[in-house]
Amino acid sequence: MKRPLIAGNWKMNKTGSETKAFFDQLLDKIQRDDVDTLICPPFTSLCAALEAVKGSTVQIGAQNMHFEDGGAYTGEVTAQMLTELGVSYVIIGHSERRAMFNETDETVNKKVKKALSAGLKPVMCVGESLEERESGKMEAVITAQIEQDLDGVAEDDNLVIAYEPIWAIGTGKTASKEQAQEVCGLIRSLLTKKYSEAFAQSVRILYGGSVNAANIDELMAMPDIDGALVGGASLKEDFARLVQFETK
Ligand code: PGA
């Protein structure tokens with residue numbers, strides 16, 4: 001059974017003490033029997049978050065990792081450093097990392113493979129820019145990202161994909177439910193070509209980009225949207241409302 005996943009990406013926000021305060025206030029409200037809840041704090045707040053969610057169903061993820069197992073990579077962390085802490089998910093290839101930290105489809109591909117081999121659940125992000133959408137290249141861009149980012153990646157139940165149109169991230173400009181469904185459906189059909197039908201149907205595809213309390217219900221009602229990757233709204237009480245989405 002495919003369980004919806006509501007994931008918070010805190011980006012470069014919340015110290016350890018702020019992380020504790022968030023869970024003190026919201027831990028009960030962000031748990032649901034039929035939904036997986038995930039919070040991805042900065043590296044320095046992972047321990048505080050893991051401690052705060054002990055005994056609950058809330059999962060903790062990182063926002064990045066390196067694809068090597070160790071070595072001279074100042075400022076980076078390995079998959080094993082994350083798993084040993086108790087981290088279960090890792091966001092890979094967020095558009096901010098692609099745009100500001102030179103991540104490419106090649107590094108995303110290496111990271112996805114490494115995360116899966118370490119037993120982590122990668123939340124692999126893809127998405128087009130406004131210019132690409134307006135010039136009619138959305139489908140080609142998404143197709144190329146899925147092909148390259150998943151090159152040589154075998155069927156693995158831990159794989160999660162997030163469609164995040166760059167123009168909708170942090171802008172308050174959400175994709176309409178039809179636009180979001182169109183691309184999540186495209187991703188599903190690309191998976192169907194590459195993998196078995198059963199696997200393609202089982203992969204969780206999230207939508208991300210200005211998800212909020214006003215649009216979560218209609219997004220979650222779409223057939224190929226299995227969850228949300230939430231930035232701004234995951235930092236505050238609104239996140240509880242997102243976990244408590246209703247599709248009827
Ligand atoms: P946003 O960010 O919800 O603030 O638009 C989403 C994301 O970047 O994952």
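The values are calculated or read from the model by the stated rules, or taken from the named source; none is laboratory data. A quick note: this is a predicted structure, and the numbers were derived from the prediction, not measured. For neighbour counting, all protein chains shown are included, and Cβ atoms are generated from backbone atoms with ideal geometry for every residue, glycine included.
Picking from D224, D217, which residue would you name as being more than 15 Å from the ligand (Cβ to nearest atom) and over 30 Å from F22 (Cβ atoms)?
After ruling out the rest, the residue left standing is D224.
Any residue in region 87-110 that's among the β-branched types (V, I, T) and at pLDDT 95 or above: show its pairings with residues that are more than 11 Å from the ligand (Cβ to nearest atom) and part of a helix (DSSP H, G or I) at Cβ separation under 7 Å, as long as the two are six or more apart or on different chains.
From residues that are among the β-branched types (V, I, T) and at pLDDT 95 or above, the pairs are V87/L46; V90/L82; V90/A115; I92/V108; I92/K111; I92/V112; I92/A115; V108/D149.
Return the only residue of I146, I91 being β-branched (V, I, T) and part of a helix (DSSP H, G or I).
Selected residue: I146, the only one of I146, I91 that is β-branched (V, I, T) and part of a helix (DSSP H, G or I).
Among the residues of region 1-20, which ones are part of a loop (DSSP other than H, G, I, E, B), more than 16 Å from the ligand (Cβ to nearest atom) and touching a residue at least 24 places away in the same chain (Cβ under 8 Å)?
K2, R3, P4, T15
Taking region 139-197 as the region of interest, how many residues are within 16 Å of the chain's Cα centre (by Cα), within 16 Å of the ligand (Cβ to nearest atom) and surrounded by fewer than 16 Cβ atoms within 10 Å (Cβ to Cβ)?
Final tally of qualifying residues: 1.
So, in region 198-209, of the ones that are of a type in the set (A, V, I, L, M, F, W, C) and surrounded by fewer than 18 Cβ atoms within 10 Å (Cβ to Cβ), which residue ends up farthest from the ligand (Cβ to nearest atom)?
A198
With the requirement that a residue be within 16 Å of E237 (Cβ to Cβ) and among the polar types (S, T, N, Q), what does region 1-49 give you?
Result: N13, T19, Q25, Q31, T37.
May I ask you to say which residue of T83, T74 is at pLDDT 95 or above and more than 22 Å from L5 (Cβ to Cβ)?
T74
Can you tell me which of (1) charged (D, E, K, R); (2) over 27 Å from Q31 (Cα atoms); (3) modelled with pLDDT under 95 is the one E178 doesn't meet?
(3)
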